[in-house]
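Just below is one structure, and these are the notes that go with it.
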Amino acid sequence: MADLLREGAAMTDMACPACASPLFRLKNGTLWCAKDEKKVVVLKEGEELAKVTGSMALDAMEATLLAKINDLQNRMQNEQNVDELQKLSAALSGLLENLEKLRKVKQT
Ligand SMILES: [Zn+2]
């Protein structure tokens, strides 16, 4: 960490999505997690969605989303109440949107 500061890196108020340590901005603009020793990419539009290069955090997130989508689909199949169905389908479309975003992040 001291080395990073000596090299002109600045501590930011952002936290690493994988380990929650403060992130550093290197002189070339790269965000860096000193703890993981990885480059971190934060998306402008989805502030919450951040990427640690080569991270398993994204895979875990994707697995969680897929499990929830699966769960919602099962619930929708058995749900007769229209109000409930609407809630479930709104939740489902939110999850699918997140999944899509996540997959875009993974491709970059
Ligand atoms: Zn980290």
- Note on the structure: In degrees rounded to 10, the 0-90 angle between helix 82-107 Cα long axis and the longest Cα principal axis of the chain is 30 degrees
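Once you keep just the Cα pairs under 8 angstrom separated by 6 or more residues, what percentage relative contact order results for the chain?
Relative contact order for the chain comes out at 16 percent.
Scan the chain and hand back the longest stretch that contains none of the GluC sites (Glu not before Pro) lying in DSSP loops with at most 11 other Cβ atoms within 10 Å. Write out the running numbers ahead of the final one.
Numbers: sites that count: GLU7, GLU37, GLU45, GLU47, GLU48.
Maximal segment without exposed cleavage sites: 49-108.
FRET efficiency for GLN86 and ASP13, Cβ-Cβ distance as r, R0 = 41 Å, nearest 0.05? Don't skip to the end; give the middle numbers.
Working: r = 39 Å, r/R0 = 0.94.
Taking R0 as 41 Å, the efficiency between GLN86 and ASP13 is 0.60.
List, in the order given, every pair from LYS35/LYS87; LYS39/LYS87; LYS38/LYS101; LYS68/LYS106; LYS35/LYS68 whose Cα-Cα distance in the structure shown is over 29 Å. Spell out each step's value before the answer.
Numbers: LYS35/LYS87 40 Å; LYS39/LYS87 38 Å; LYS38/LYS101 21 Å; LYS68/LYS106 19 Å; LYS35/LYS68 31 Å.
Exceeds cut-off: LYS35/LYS87; LYS39/LYS87; LYS35/LYS68.
Report the gain in length on full extension from THR64 to ASN28: 0.36 nm times residue separation, minus Cα-Cα distance, nm rounded to one decimal. Show your work: numbers first, answer last.
Details: separation 36, 0.36 × 36 = 12.96 nm, distance 3.40 nm.
Stretched out fully, the THR64 to ASN28 stretch lengthens by 9.6 nm.
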- Task: Using a 10 Å Cβ count of at most 12 others and DSSP loop calls, identify the longest part of the chain lacking such trypsin sites (Lys or Arg not before Pro).
- Result: 45-108
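With a 1.4 Å probe and every protein chain kept in, tell me what percent of the accessible surface of the chain is carbon plus sulfur.
On the way: 3870 of 7410 Å².
Roughly 52 percent, rounded to a whole number.
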- Gyration tensor (Cα only) of the chain to equivalent ellipsoid, semi-axes in Å sorted down, yields 38, 12, 10
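Based solely on its DSSP helices, what 222 nm [θ] is calculated for the chain when runs of n ≥ 4 H residues each add -39,500 (n - 2.57) and the sum is averaged over all residues, nearest 500 deg cm²/dmol?
Details: 3 runs with 53 residues, N = 108.
Per the formula, -16500 deg cm²/dmol.
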- Item | For segment 56-91 and segment 11-30, distance of Cα centres in Å | 32 Å
- Query: Considering amide H positions built from the backbone, and no H for Pro or chain starts, which residues 5 or more places from VAL42, or on another chain, come under 5 Å of its amide H?
  - Reply: LYS51
- Item | Rounded to 10°, Cα long-axis angle of helix 57-78 versus longest principal axis of the chain | 10 degrees
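The values are calculated or read from the model by the stated rules, or taken from the named source; none is laboratory data. Because the structure is a prediction, the values reported are computed rather than measured. Heads up, the Cβs are rebuilt from the backbone with ideal geometry, glycines too, and the neighbour counts pull from every protein chain shown. With ligands, DNA and RNA removed, areas are computed over all heavy atoms of the protein, side chains included. Shrake-Rupley method; radii C 1.70, N 1.55, O 1.52, S 1.80 Å.
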